[in-house]
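The values are calculated or read from the model by the stated rules, or taken from the named source; none is laboratory data. None of these values were measured; they are calculated from a predicted model. Quick reminder, even Gly has a Cβ in these numbers, built from the backbone with ideal geometry, and neighbours come from all protein chains shown.
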Amino acid sequence: MRAPNDQHFLVDDDAVERIADAVPVFDRDVLEIGPGGGVLTAALLERGAHVRAVELDTGLLPNLERRFSDELASGDLTITVGDASKVELPKFDLVVANLPYSISSKITFRLLEVGFEKAVLMYQLEFAKRLAAAPGNGDYGRLSVMTQAMADVEFLLEIPPESFNPPPEVWSAVVVLTPRAPPVPIDNQKMFSDVVREVFSHRRKTLSNCLKGLSSIYGKEKTAAFIASCEPELLKKRPEVLSVAEFIELSNSFAALL
């Protein structure tokens, strides 16, 4: 498993063991994004997983092919070459992935859209904190709401720079995502996304001011009517204190007016 940069490799045995043991993998198809040198790949195979790796860096393939020649021959390991945010993904039940930090959000939501049972994902620490943040926390924002509308997020462990060779400049963290139904049914996914995006674009303002930005998408008249229909006390709140369910209910109310 690689760190944020393709040239940084996880070398902390304890971290590898904790990641590999985070979910039961025996006889399961496990998607591994970015196997790198194959340290985590080996740990997963030792636990009886059928590893379906996706690797972008073709320069790493010869080493992986030499190291895991038997597993490749048996089919316990397959390697798809390409960008995990674009390439057709192999069949999988679980995910163990070190996501490229520059496109962590894009791949995370692609995985949630494709569907899985559980995912053990490594991110930059700051991104992981935003993913898992609760309402009222300074890290709580658009990423928190959009992810937690679709999955439970469990913060597993933080990984310091010295756990990689060479050490990167940032800390990393591993979280476990478990997909589930939204806390409240979402009537209009686009409306929900638009509302969350717009209000967190002005997170220091009250909700009444944040929602005005929706007029650029839905028109001034419909947006004004929506704001007028909201409870006055709700409009006084700031975005970071609203729960995921409240965001869904807010978007559902707007969708009902259209």
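Listed values, structure above:
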item	result
Some residue of region 132-139 being in contact with a strand residue (DSSP E or B) (Cβ under 8 Å, 6 or more places away or on another chain), more than 27 Å from residue 169 (Cβ to Cβ) and in the same structural domain as residue 153 (by TED's automatic domain parsing)	no
Test result for residue 17, under 23 Å from residue 155 (Cβ atoms) and either part of a strand (DSSP E or B) or in contact (Cβ under 8 Å) with a residue 12 or more places away in the chain (or both)	yes
Subset of region 215-255 [within 26 Å of the chain's Cα centre (by Cα) and not charged (D, E, K, R)]	239, 241, 242, 243, 244, 245, 247, 248, 250, 251, 252
Within region 108-140, considering residues that are surrounded by fewer than 19 Cβ atoms within 10 Å (Cβ to Cβ) and of a type in the set (Gly, Ala, Ser), the one farthest from residue 44 (Cα to Cα)	136
Given (1) at pLDDT below 95; (2) surrounded by fewer than 22 Cβ atoms within 10 Å (Cβ to Cβ), number of the condition residue 98 does not satisfy	(2)
Failed item, numbered, when residue 86 is tested on (1) within 16 Å of the chain's Cα centre (by Cα); (2) crowded, with 18+ Cβ neighbours inside 10 Å; (3) more than 18 Å from residue 8 (Cα to Cα)	(2)
Among the candidates 139, 70, 152, residue that is in a loop (DSSP other than H, G, I, E, B) and not hydroxyl-bearing (Ser, Thr, Tyr)	139
Single unsatisfied condition, residue 158 versus (1) surrounded by 14 or more Cβ atoms within 10 Å (Cβ to Cβ); (2) over 30 Å from residue 241 (Cβ atoms)	(2)
Unmet criterion (only one of (1) part of a strand (DSSP E or B); (2) in contact (Cβ under 8 Å) with a residue 60 or more places away in the chain; (3) not aromatic (Phe, Trp, Tyr)) for residue 183	(1)
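For (1) farther than 24 Å from residue 137 by Cα; (2) touching a Cys at 6+ places or on another chain (Cβ under 7 Å), each residue gets a yes or a no:
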{"residue": "185", "(1), (2)": "yes, no"}
{"residue": "189", "(1), (2)": "yes, no"}
{"residue": "195", "(1), (2)": "no, no"}
{"residue": "204", "(1), (2)": "no, no"}
{"residue": "209", "(1), (2)": "no, no"}
{"residue": "226", "(1), (2)": "yes, no"}
{"residue": "239", "(1), (2)": "no, yes"}
